[in-house]
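The values are calculated or read from the model by the stated rules, or taken from the named source; none is laboratory data. Values in this document were obtained by computation on a predicted structure and should not be read as measured data. Ideal geometry is used to build each Cβ from the backbone, glycine not excepted, and the neighbour counts take in all protein chains shown.
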Amino acid sequence: MAIPDLNQLRTFVVLYELRSLTATAEFLHVTQPTVSYTLARLRERFGDDLFRREGHVMVPTTRATQLFGPLHEALAQIESTVSETASFDPSAFTGELSLGLTSIGEQTFLPPIMAALARERSTARLAVKRLDADEVEEELVRGHLDLAITVALMDAARLWRTPVRAVEYVALTSRRHPLPPPGPEMFNGRGFVRVSSRGGHTYPLQLLLEHGLMPQVALTVEEYGTLPAVLQDTDLVTFLPRHVAEVFCGWFPALRIADLPWPGQSTPVAIFTRRESSLTPAQRWFRRLVHGAVVEPGTEI
C-alpha cells in the first residue's frame, strides 16, 4: 500500500476535526472537489470508508478513529520540526489574533496577557470574544477562535488542552452581612445570586442543587461583573472562584470572602487551541505567551 503524502494526511486530520467537506476545503484553501478526490484516494489506500455522511456531518468510522491519533501526532511532529526552522518575529506580526474569554476571564486573565504582549513589543491586534461554553469547541475547530481559556470540558481528540489554574470556589457577601463560620447551617435564611453557567462555570449551580439551596436563589444574572455592586448593598450570597472573589474584594472593600463547608474544587481552568498540526506559527507563539502570562505556579501541565 502506497503511503499517503502530507497533503492527504493533512486533509484527513482536518476532515476528522471539522466533520465537513465544505469546512475542510475552506480551512485548507482548496476546492470541495479536491477534498472529495483526496478522500477517495485515502479510502482506496486504507481499504475503508473512513467517513460516512449522516445528514450534514461526515462521521468517522472506527478505522478512521483508530488512524487519527497516530496520523495526527506524526503530522504534528513533522510540521513542528519544519516550523522551528522558520523564525517568527512577534514585533513584525500585524495580524489579528482572537481570544475567547468569559466575563471572569476578561477581568482576571486579560490584564496579564496584555502586559505580556507589551513586553514582547507585539504589534498584533487582539480581538476578545465572549465565550459561550456550548459553542467554543466548534469555534476553535473551525478557526473562528485562535485560543480560549475556560473550565468547560471539550473533546480532547479535536483540541489541544493544558490546565493553567486550579479553581477553588468560595462564598462572597457583604461585610455588613457576614456569614457564620463554615458549617452545614451557615447559609440558613440567606438569599443567593446565581450566575448563568453559559461561560462554563457549572460548579456553582452544582453546589446549589446538591445542597438544597436552589429555593433560596433570589436573583439570576448573566455576568459575574454584576455581582460586586449587588452584593455590597444586600445580604445576598454567591459562589464563585476564589481568584475572582479576590479581584472583586480589591475593587470593592465592602465585600468579604468565606470558605465553604464542603469541598469546593472544580475542573481546572485550561487553555484550548486546535491541535498542533492545525496551528500557524503566530498561533503557537500566542499560545506560549498566554500560557506564560496566566499559568499558576505549581499547576501541572
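Tabulated data for the structure shown
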| item | result |
| --- | --- |
| Sole exception among (1) within 21 Å of GLY105 (Cβ to Cβ); (2) in contact with a helix residue (DSSP H, G or I) (Cβ under 9 Å, 6 or more places away or on another chain) for ARG288, by number | (2) |
| Scope the stretch 223-243; condition aliphatic (A, V, I, L, M), closer than 28 Å to PRO163 by Cβ and either at pLDDT below 90 or surrounded by fewer than 18 Cβ atoms within 10 Å (Cβ to Cβ) (or both); matching residues | none |
| Count of residues meeting criterion [basic (Lys, Arg) and either closer than 20 Å to THR11 by Cα or buried (at least 22 other Cβ atoms within 10 Å of the Cβ) (or both)] in the stretch 127-144 | 1 |
| Single match in ARG52, ARG43, ARG63 (criterion: among the basic types (Lys, Arg) and either under 19 Å from HIS291 (Cα atoms) or touching a helix residue (DSSP H, G or I) at 6+ places or on another chain (Cβ under 9 Å) (or both)) | ARG63 |
| Whichever residue in the stretch 2-23 is within 20 Å of ILE78 (Cα to Cα) and not in a helix (DSSP H, G or I) and, among such residues, is farthest from the chain's Cα centre (by Cα) | ALA2 |
| The stretch 124-136, residues that are in contact with a strand residue (DSSP E or B) (Cβ under 7 Å, 6 or more places away or on another chain) and either outside any loop (DSSP other than H, G, I, E, B) or without any contact (Cβ under 8 Å) to a residue 60 or more places away in the chain (or both) | ARG125, LEU126, ALA127, VAL128, LYS129, VAL136 |
| Qualifying residue in the stretch 48-62 (condition: modelled with pLDDT of 90 or more and either small (Gly, Ala, Ser) or farther than 23 Å from GLU138 by Cα (or both)) | yes |
| Scope the stretch 33-52; condition surrounded by 12 or more Cβ atoms within 10 Å (Cβ to Cβ) and not hydroxyl-bearing (Ser, Thr, Tyr); matching residues | VAL35, LEU39, ARG41, LEU42, ARG43, ARG45, PHE46, ASP48, ASP49, LEU50, PHE51 |
| Listing of helices (runs of 4 or more DSSP H) fully contained in the stretch 178-290 that carry 1 or more residues being among the β-branched types (Val, Ile, Thr) and either more than 19 Å from ARG130 (Cβ to Cβ) or more than 27 Å from the chain's Cα centre (by Cα) (or both) | 227-232 |
| Sole residue being in contact (Cβ under 8 Å) with a residue 40 or more places away in the chain and assigned by TED's automatic domain parsing to the domain that holds ARG274, chosen from LEU110, LEU147, LEU207 | LEU147 |
| Tally, over the stretch 133-148, of residues that are of a type in the set (Asp, Glu), in contact with a helix residue (DSSP H, G or I) (Cβ under 8 Å, 6 or more places away or on another chain) and at pLDDT 85 or above | 1 |
| Hey, ALA218 out of contact with any strand residue (DSSP E or B) (no Cβ under 8 Å at 6 or more places or on another chain), in the same structural domain as ARG194 (by TED's automatic domain parsing) and either more than 17 Å from THR150 (Cα to Cα) or surrounded by 15 or more Cβ atoms within 10 Å (Cβ to Cβ) (or both) or not | no |
| Options LEU147, LEU110; residue that is farther than 27 Å from PRO263 by Cβ, over 11 Å from the mean Cα position of the chain (by Cα) and crowded, with 17+ Cβ neighbours inside 10 Å | LEU110 |
| Residues being modelled with pLDDT under 95 and closer than 27 Å to THR202 by Cα - total across the stretch 113-128 | 0 |
| Single unsatisfied condition, VAL244 versus (1) in contact with a strand residue (DSSP E or B) (Cβ under 6 Å, 6 or more places away or on another chain); (2) under 20 Å from ALA270 (Cβ atoms) | (1) |
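Condition check ((1) without any contact (Cβ under 8 Å) to a residue 12 or more places away in the chain; (2) in contact with a strand residue (DSSP E or B) (Cβ under 7 Å, 6 or more places away or on another chain)) across all residues:
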| residue | (1), (2) |
| --- | --- |
| ALA25 | yes, no |
| TYR37 | yes, no |
| ARG52 | yes, yes |
| GLY55 | yes, no |
| VAL59 | no, yes |
| LEU67 | no, no |
